[in-house]
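Quick notes on the structure that follows.
The values are calculated or read from the model by the stated rules, or taken from the named source; none is laboratory data. Source: prediction; values computed, not measured. Neighbour counts run over all protein chains shown; Cβ positions are idealised from the backbone, glycine included. What goes into the accessible areas is simple: the full protein's heavy atoms, side chains included, and nothing from ligands, DNA or RNA. Shrake-Rupley method; radii C 1.70, N 1.55, O 1.52, S 1.80 Å.
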Amino acid sequence: MIPAAFEYFSPQSVKEAIGLLEKHGDDAKILAGGHSLLPIMKLRLAQPKVIVDIGRISGLSGIKADGQKVAIGALTTHDAIERDAVLKEKCPLLAETAAVIGDMQVRNRGTIGGSAAHADPAADYPAALLALGAEIVAIGPKGTRTIPAGEFFVEMLTTALKPTEIITELRVPVLARGTGAAYQKHPHPASGYAVVGVAAVVTMSGGKCQSAAIGVTGVAGKPYRATAVEKALIGQSLDETTAAKAAAHAAEGVDPQGDLYASGQFRAHLASVYTKRAVLLAASRAK
Amino acid sequence: MKRAVKVTVNGKAYAHEVEPRLLLVHYIRDMLGLTGTHVGCDTSNCGACTILINGRAVKSCTLLAVQAEGASIQTVEGLATDGKLHPIQEGFWEEHGLQCGFCTPGMMLTAVDLLQRNPDPTEEQIRMGIEGNLCRCTGYQHIVNSIQHAARKMRGAAGRATPR
Ligand SMILES: Cc1cc2nc3c(=O)[nH]c(=O)nc-3n(C[C@H](O)[C@H](O)[C@H](O)COP(=O)(O)OP(=O)(O)OC[C@H]3O[C@@H](n4cnc5c(N)ncnc54)[C@H](O)[C@@H]3O)c2cc1C
Ligand code: FES
Ligand code: FES
């Protein structure tokens, strides 16, 4: 399978890339790792006339911690995120999530910016980004803006990004004291994508849950915060029974999507099961 | 419009003009004539097309040749040096790591990346490492044995043999 013909640009700077996006409008598509875009171009589900390969722009990859936040460059690969020592210490949830994406070859190539921008309903990072309250930093013709993860994922394969905007980095908060986090995933046996993936960030105080943030991917058309679960967890001492009771709300208010592998009903069930697991694991890690 | 691409493959420099939509695997097979890199699924799943780019295993059916501009590439043809098999090839030979051999080049290059980063992997780590490579013949056990064989050999060669 061969993609339809296109014109190829490899800009050296973000400014140059934005110029190309402005000039070519809807005909243009950004290329990062290519591990979502190229497969759909090979299937001719996408036939962009212009490819703007941002892979050679320097300064868009790497991980740095500045006080309360860790900034991750958009071109940072899943593999680099999985292995980074700073992230493992300051935001282990993201490293844990990266480690279960696809396979080693996919992680060597795929980028966090590409995954966020693609907004695949079965992608892994979105659950973690929502639970962490991450920020997505994008630059466009009108300058830089910071989009909270909660406003970023709009619909299946649709984000708040404008076609002329480029994600430059993502920011996640440093894990606070007394807080634990975990990502639990039911991978599709063939594709490896998340049938259901749940990220939990839980803060414990005096043996009780003080706050909780639960991000869920795979279940609905877009990733979401399971707010009913979060409410039900607060004030509880977390054990099998209390966690299961709260996790029963995991698919509340959403429309679970079914496919050949898992019906909507089964996905809703899995959401509860994996939410319970993620919550208990996160609570056990809260120190 | 064609684009110039310069790459080093198995230590040899190449320069070509290519269509931007040319996939790296087709560049390697059809333009360089290095047909040891296979096309299995063509949908990024089977790993038969795995090569090393700057030392890292990637699926060359999911990359454009133009994305490899300036890169150092290794394919299965570059594993043996001076007629001597690479330890991973020796492992597949000794432990019967292949039957039809279709998946083998990709398996070996994936294993090389894995062993570079983790010279002493557990069986589970090996199985997770080759998660992106499918084999229809062997049932994987002999592939795992082959990689373990290579790991022992490579640790020995580097003077880092750890007791088992
Ligand atoms: C076999 C296989 C298995 C996979 N399994 C999983 C899995 O289990 N879990 C999972 O989450 N993902 C999985 N993926 C997807 C993978 O994680 C992709 O790497 C990722 O979704 C896209 O990142 P990319 O850098 O490859 O983006 P690309 O494919 O280059 O781009 C994807 C989209 O994002 C846009 N884009 C890219 N970068 C930017 C940017 N900086 N700013 C604005 N727009 C941008 C592009 O225009 C395009 O529309 C899998 C992929 C494959 C091939
Ligand atoms: S041919 Fe590339 S992964 Fe199967
Ligand atoms: S040996 Fe035949 S596919 Fe692996």
Give the lysines reachable from residue A:15 as a straight Cα distance under 21 Å; neighbours fewer than 8 places away on the same chain don't count.
A:23, A:29, A:49, A:142, A:162
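Helix-derived [θ] at 222 nm for chain B: sum -39500 (n - 2.57) over DSSP H runs of at least 4, divide by residue count, nearest 500? All intermediate terms of the calculation are to be shown ahead of the outcome.
Numbers: 4 runs with 46 residues, N = 164.
Rounded to the nearest 500, the figure is -8500 deg cm²/dmol.
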Set Lys and Arg Cβ to +1 and Asp and Glu Cβ to -1, take the dipole of region A:7-53 about its Cα centre, and tell me which of A:11, A:43, A:25 lies farthest positive.
A:43
Quick one: buried accessible area between A and B, total over both chains, 1.4 angstrom probe, nearest 100 Å²?
2500 Å²
How high is the FRET efficiency from residue A:40 to residue A:16, r the C-beta distance, R0 22 Å, rounded to 0.05?
0.30
Listed residues B:34, B:85, B:64; largest mean-square fluctuation, Gaussian network over chain B with Cα springs below 10 Å, found at B:85
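Percent of accessible area on region A:7-53 owned by carbon and sulfur, 1.4 Å probe? Intermediate values should be presented prior to the final figure.
On the way: 1120 of 2240 Å².
Carbon-and-sulfur percentage of accessible area, whole number: 50.
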Max mean-square fluctuation residue, GNM over chain A, Cα-Cα springs under 10 Å, options A:135, A:240, A:155
A:240
Cut-off under 22 Å on the C-alpha distance; same-chain residues fewer than 8 positions from residue B:84 excluded. Which lysines are left, in chain and number order?
B:12, B:153
Selection from A:280, A:172, A:260 lying farthest towards where the dipole of region A:164-287 points positive, charges on Cβ:
A:280
Between residue A:145 and residue A:257, what length comes free when the chain is fully extended (0.36 nm per residue of separation minus the Cα-Cα distance, one decimal in nm)?
37.1 nm
Cα-derived Rg over Rh, computed across chain B with Rh taken as Kirkwood radius:
0.99
Report the FRET efficiency, 1/(1 + (r/R0)^6), for residue B:80 and residue B:116, where r is their Cβ-Cβ distance and R0 is 22 Å, rounded to 0.05.
0.80
Leaving out ligands and nucleic acids, note down the accessible area per residue over chain A with a 1.4 angstrom probe, in whole Å².
42 Å²
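I need the calculated FRET efficiency for the pair residue A:4 and residue A:68, taking r as the beta carbon distance and R₀ as 41 Å, to the nearest 0.05.
Values: r = 46 Å, r/R0 = 1.11.
Approximately 0.35, to the nearest 0.05.
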Using a Gaussian network model on chain B with a 10 Å cutoff between Cα atoms, which of B:76, B:112, B:18 fluctuates the most?
B:18
Distance (nanometres) between label positions extended 7 Å along Cα→Cβ at residue A:245 and residue B:54
5.4 nm
Taking the Cα centre of chain A as origin, work out the dipole magnitude from +1 charges on Lys and Arg Cβ and -1 charges on Asp and Glu Cβ, in debye rounded to 20.
460 debye
Using a basic spin-label model with each label point 7 Å from the Cα along Cα→Cβ, how many nm lie between residue A:86 and residue B:99?
4.8 nm
Treating cross-link reach as a plain straight distance, find the lysines whose alpha-carbon is under 18 Å from the alpha-carbon of residue A:90, omitting any fewer than eight places away in the same chain.
A:64, A:69, A:287
Could you work out the helix-only [θ] at 222 nm for chain A, with each DSSP H run of four or more residues adding -39,500 (n - 2.57) and the total divided by the number of residues, to the nearest 500 deg cm²/dmol?
-9000 deg cm²/dmol
Only protein chains counted, 1.4 angstrom probe. Which residues of region B:31-79 are at least 50 Å² less accessible in the assembly than when their chain is isolated?
B:42, B:59, B:62, B:64, B:67
